[in-house]
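To start, the structure under review is shown below, and the notes come after it.
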Amino acid sequence: MVDCLFCKIINKEIPSQIVYEDDNLIVIKDIQPVAPTHLLAIPKQHVENVADPKFTEAGLANLFFDGIQKVAKELGLVENGFRIVANCGSEAGQTVFHLHFHIISGRPLSWPPG
Ligand code: 5GP
Ligand code: ZN
């Protein structure tokens with residue numbers, strides 16, 4: 001068993017503000033938000049990042065995006081827009097090696113990212 005921050009959050013060993021949960025994923029508020037809405041969509045299965053083949057096996061990626069669609073709709077993010085970001089690897093800025101998609105919304109977002 002890996003010693004993983006997000007596995008502990010999923011198992012409720014570490015508290016978090018949960019905005020959505022189903023059998024496949026959990027969506028929580030980021031502890032250091034960079035925008036008025038900054039959520040983390042995290043699959044319950046321990047998958048390292050988007051490059052991990054487990055993410056696309058057994059339809060997990062599809063179930064995961066179903067959840068993201070639901071949350072974006074329920075929280076009213078679709079009308080004004082939102083960004084999803086998955087940092088993959090340390091040079092890309094990944095600090096927690098359990099796959100998560102940032103869902104960022106509520107202010108104009110510049111491009112390209114830093
Ligand atoms: P990464 O840098 O891997 O793309 O994103 C990790 C994210 O997890 C960061 O935005 C960071 O603020 C967030 N984070 C780190 N520790 C915790 C925590 O204990 N609780 C919550 N809710 N978010 C966390
Ligand atoms: Zn994990």
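Taking first residues from the range 7-33 that are part of a loop (DSSP other than H, G, I, E, B) and partners that are small (Gly, Ala, Ser), the Cβ contacts under 7 Å between residues at least 6 apart in sequence or on separate chains come to ASP22/GLY67; ASN24/GLY67.
When LYS44 is tested against (1) basic (Lys, Arg); (2) more than 12 Å from the chain's Cα centre (by Cα); (3) at negative phi, just one condition goes unmet, and that condition is (2).
Just one residue in the set PHE97, PHE101 is farther than 12 Å from ALA41 by Cβ and touching a residue at least 24 places away in the same chain (Cβ under 8 Å); that residue is PHE97. PHE55 meets each of the listed conditions (1) at pLDDT below 95; (2) out of contact with any helix residue (DSSP H, G or I) (no Cβ under 6 Å at 6 or more places or on another chain); (3) within 16 Å of ligand 2 (Cβ to nearest atom) apart from (2). The single condition among (1) surrounded by fewer than 17 Cβ atoms within 10 Å (Cβ to Cβ); (2) touching a residue at least 60 places away in the same chain (Cβ under 8 Å) that VAL78 does not meet is (2). Among the residues of the range 31-52, those identified as away from ligand 2 (no atom under 14 Å from the Cβ) and in contact with a Cys (Cβ under 8 Å, 6 or more places away or on another chain) are VAL50, ALA51. For the range 1-30, filtered to residues that are surrounded by fewer than 13 Cβ atoms within 10 Å (Cβ to Cβ) and hydrophobic (A, V, I, L, M, F, W, C), the residue that is nearest to the chain's Cα centre (by Cα) is ILE14. Looking only at the range 39-51, count every residue that is surrounded by 15 or more Cβ atoms within 10 Å (Cβ to Cβ) and either touching a Lys or Arg at 6+ places or on another chain (Cβ under 7 Å) or of a type in the set (Gly, Ala, Ser) (or both) and tell me the total. Of the residues in the range 39-51, 4 are surrounded by 15 or more Cβ atoms within 10 Å (Cβ to Cβ) and either touching a Lys or Arg at 6+ places or on another chain (Cβ under 7 Å) or of a type in the set (Gly, Ala, Ser) (or both). Would a scan of the range 63-79 turn up a residue that is touching a Phe, Trp or Tyr at 6+ places or on another chain (Cβ under 7 Å) and of a type in the set (Val, Ile, Thr)? Scanning the range 63-79 turns up at least one residue that is touching a Phe, Trp or Tyr at 6+ places or on another chain (Cβ under 7 Å) and of a type in the set (Val, Ile, Thr). Looking at the structure I just gave you, is GLY114 over 23 Å from GLN45 (Cα atoms), assigned to a loop (DSSP other than H, G, I, E, B) and modelled with pLDDT of 95 or more? Here the answer is no, as GLY114 does not meet what is asked.
The values are calculated or read from the model by the stated rules, or taken from the named source; none is laboratory data. None of these values were measured; they are calculated from a predicted model. Heads up, the Cβs are rebuilt from the backbone with ideal geometry, glycines too, and the neighbour counts pull from every protein chain shown.
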